[in-house]
1. Of all residues in segment A:45-57 being closer than 13 Å to residue A:7 by Cα and more than 11 Å from chain B (Cβ to nearest Cβ), which is nearest to the chain's Cα centre (by Cα)?
2. Does segment B:329-365 hold any residues that are outside any helix (DSSP H, G or I) and open to solvent by 50 Å² or more (accessible area, probe 1.4 Å), and which are they?
3. Can you say whether residue B:222 is free of Cβ contacts under 8 Å to residues at least 60 places away in the same chain and touching a Ser or Thr at 6+ places or on another chain (Cβ under 9 Å), as far as the supplied structure shows?
4. Here are the criteria: (1) over 30 Å from residue A:139 (Cα atoms); (2) within 17 Å of the chain's Cα centre (by Cα); (3) β-branched (Val, Ile, Thr). Tell me which single one residue A:75 does not satisfy.
5. Any idea which of (1) within 13 Å of chain B (Cβ to nearest Cβ); (2) open to solvent by 60 Å² or more (accessible area, probe 1.4 Å); (3) in contact with a Pro (Cβ under 8 Å, 6 or more places away or on another chain) is the one residue A:60 doesn't satisfy?
6. Would you check which residues across segment B:38-90 are of a type in the set (D, E, K, R), more than 30 Å from residue B:226 (Cβ to Cβ) and in a strand (DSSP E or B) and list them?
7. Please tell me if residue A:141 is without any contact (Cβ under 8 Å) to a residue 40 or more places away in the chain, open to solvent by 20 Å² or more (accessible area, probe 1.4 Å), assigned to a helix (DSSP H, G or I) and not acidic (Asp, Glu).
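The values are calculated or read from the model by the stated rules, or taken from the named source; none is laboratory data. Here the structure is a predicted model, which is why all the values come from computation and not from measurement. We place every Cβ from the backbone using ideal geometry, glycine too, and count neighbours over all the protein chains shown. Each accessible area value is taken on the protein alone, full model and side chains, heavy atoms only, with ligands, DNA and RNA left out. Shrake-Rupley method; radii C 1.70, N 1.55, O 1.52, S 1.80 Å.
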Amino acid sequence: MSEILLKIDGKEVKAGEGMTVYEAAKSAGILIPTLCHHEKLTPYGACRICTVEVETAGRKRLVAACVYPVEPGMVVSTRSEKVDRTRKVILEELLAHAPDSEDLRRLAQEYGADADRFEKEPVFCILCGLCVRYCSEIKRKYAVGFSDRGPKREIIFIPEVASRECWDCKECFELCPTSYVQAAYVLAEALAFPGRTGVSPPEE
Amino acid sequence: MPRIQSPAELEKFREDILAGRDPQKPCIAVCTGTGCIALGATEVVAALKREIKKQGLETAVDVKVDIRETGCPGFCERGPVVVIYPEEICYLQVKPEDAGEILAETILAGKVIDRLLYADPVSGDKSVRESDVPFYRNQTRLLIGNNIKLNPKSIEDYLALGGYTALVKVLTGMEPEQVVGLVKDSNLRGRGGAGFPAGKKWEFARKSPGDTKYVVVNADEGDPGAFMDRALLEGNPHAVLEGLLIGAYAIGAHEGFLYVRQEYPLAVENVTLAILAAGELGLLGKDILGSGFDFSVKVHRGAGAFVCGEETALLRSLEGKPGEPSARPPYPAVKGLWGRPTNINNVETWANVPLIINRGSDFFTKIGTEKSKGTKIFSLVGKVKNTGLVEVPMGITLRDIIYKIGGGIPGDKKFKAVQTGGPSGGCIPAEYLDMGVDFDELAKVGAIMGSGGMIVMDEDTCMVDVARYFLNFLSDESCGKCTPCREGIRQMLKILTDISRGKGREGDIELLEALAETTRDASLCALGGSAPNPVLSTIRYFKEEYEAHIKEKRCPAFVCKDLISYYIDPDKCSACMICLRKCPVDAILGGKKRIHVIDQEKCTSCGTCFEVCPPRFGAVRRLSGEPVPPPIPEEARTLAGESKRQ
């Protein structure tokens, strides 16, 4: 694998071809914040909190570090004024939905995000998709998925699958940055297969 | 018909078609595109066929006049459109009742029916030939001009016009690299939105390692009011197929897909028939024209998501997955459909390819501006007299499009702005009417070419409401995957809605700008990247309208219902009862000889009273940003009979 030289926050970094900016930065000890990223899952590029500023061929732009591949001679800045401003707005947008998420509050402090900038619409889910992707990519159960689109997008447990598969797994609960997936599961259970938590499903 | 095995056989077939056709034989071409069908073209065709029999023009062996059902020539405002060959007499707004006269007068007696011709609204001058109609005269119709000349369901018609000669030229005399080179030399830029050079895209896909490659036609035209791709697919599907075949040969693909939106049933029908016909003749399938090149194509119907016009979302949808964009790089040219190198271009881009191959890159680069070559089809809609599809050379001014071709604004109202590029385009004000329209100039003023939507707005348009309207559309259509797009649009729409309802606050403009910046710069795909355009461009050019809404709670264009009131001037009201009867919510008090008064509690600001009050009274007033005067006292409302104003 050929080596790629780039600069991250002024530091010369050697990275392997095909590595993402996030991975290259991590290898150099520079940590870029993430919400939807997980080592075991395919990079998704949805939360955009890992947004960094890159300069290639004299052109500066924002990219998501978790999905953007390194390029030779690339100049990356993980904390420019523009990056911080962008992360601040993204955090403020997410805090309107999950004001008590610890991950969000910690980041909000770092970036000076105002949790009250936007009117609260506490749906608690920030749609990072960790549960959905973990369930499909690692567990291959497809018990939880996205429904609808745009601002109406939400995660839902598919009762037919969840009633069979989730009772002894629930590994997605640990991954959720807001604990909403637990609530969504309990809701699905209460509506569609009450009383079966922690109990193996009846034989059919 | 057996498969055609060689270019020579194809030429023979073409000669046979032409030999069987007499160019002097009268032919009535009727547009049966979606627009004209809605205006009654199907009935016009049926009436013409009936009249042919009735007037004895049909014998057992021959018909003295042909009827050709064609695709859309563009002048939708005046449909159903009829063009009579060989003279090219153009009749507009033809009704089934006109059929008998057209046959008796024009076909048999050779006379032009004055009443059906285009008349200049100012001078009254009539245009006989299609090419004399100002709407057409000021266009350069290299692509859409063919629509009226052929029946899209007939491959013979396409061949008679020289169809598939570009394919023959490529298969018999050009290496794939030469084809890519020619398209690169032509500087053809993608017509779907971003304007990326097509030749470069082809080169990437060609050079990408891999044995299996794909080509895709993006016909998921989703911009509200835009229908150029529909017109091309409905009206000349073989041109798109021929372009796709040439691209496939150049790139090294043997399979192609046409992603058409389900909402275009006629386009789906015509292109499906075209694929069948081309397959039967051997222009698709194995060993095309004996060249050894294999290619097949399938039609895939989109399920109705705007975001699937974005190429990565389209490819996911084609794979059967949710239509959500994915990060680029990797670009589809490297990792596209099912992970294979894929070249995806828009309908209009593909339709330009046979033209470039046939007439050369020099011909193409002579049209347009330095960096945007060729023509562009725009869907000219909104507050303009001649709505329809217009094909113009890149670089033409907005003024020429709107006034020379579009005929100006109805009611001779004042032009306010033109919105280009679909819902995520920008609004361009009057001061830029003389700018040349190309990819780069539009970007400079904060708009985009997009796929060619052009919505004209007059003085009665509220720019805050326009921004709100488009953001509402985008909010429905964002896939919701990434935060800046999903949440940014949500918050911007909330603020715009508040402003239009009189709940705007100091600082809203700055907040909109901050949200717009994040949405534009940090979103995953171009939908989010361009979504703030309507907001930013209206703030840039019409900031005073935002301020009027926020500070004075006033809508200067009298559009935002929550900010306007209606008031009947007691000095002018003649108690005629018209508004009182028409008010849909019974909010008008009064009676015969009793001055009318609007109950402001009940009034929904629909504006009916304002519209129906006879101009000679002009008693209803629109108010915005000012208090409604108190109603006159009950006892002062009686009008004396003899003093009734006239």
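1. So in segment A:45-57, the residues closer than 13 Å to residue A:7 by Cα come out as A:52-56.
Among the residues that remain, those that are also more than 11 Å from chain B (Cβ to nearest Cβ) are: A:54-56.
Values: A:54: 21, A:55: 24, A:56: 26 Å.
Out of the qualifying residues, it is A:54.
2. Applying the first criterion (outside any helix (DSSP H, G or I)) to segment B:329-365 yields B:329-336, B:340-346.
Correct list: B:330, B:331, B:334, B:335, B:340.
3. Working: free of Cβ contacts under 8 Å to residues at least 60 places away in the same chain: no; touching a Ser or Thr at 6+ places or on another chain (Cβ under 9 Å): yes.
When the stated conditions are applied, residue B:222 does not pass them.
4. Unmet condition: (2).
5. Checking residue A:60 against (1) within 13 Å of chain B (Cβ to nearest Cβ); (2) open to solvent by 60 Å² or more (accessible area, probe 1.4 Å); (3) in contact with a Pro (Cβ under 8 Å, 6 or more places away or on another chain), the one that fails is (3).
6. Going residue by residue through segment B:38-90, those that are of a type in the set (D, E, K, R) are B:43, B:49-51, B:53-54, B:58, B:62, B:64, B:66, B:68-69, B:77-78, B:87-88.
Narrowing the set further to residues that are more than 30 Å from residue B:226 (Cβ to Cβ) leaves B:49-51, B:53-54, B:58, B:62, B:64, B:66, B:87.
Hits for segment B:38-90 are B:58, B:66.
7. Details: without any contact (Cβ under 8 Å) to a residue 40 or more places away in the chain: yes; open to solvent by 20 Å² or more (accessible area, probe 1.4 Å): yes; assigned to a helix (DSSP H, G or I): no; not acidic (Asp, Glu): yes.
Here the answer is no, as residue A:141 does not meet what is asked.
Rundown of residues vs (1) farther than 28 Å from residue B:184 by Cβ; (2) charged (D, E, K, R), yes/no style:
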{"site": "B:230", "(1), (2)": "yes, yes"}
{"site": "B:238", "(1), (2)": "no, no"}
{"site": "B:261", "(1), (2)": "yes, yes"}
{"site": "B:294", "(1), (2)": "no, yes"}
{"site": "B:309", "(1), (2)": "no, no"}
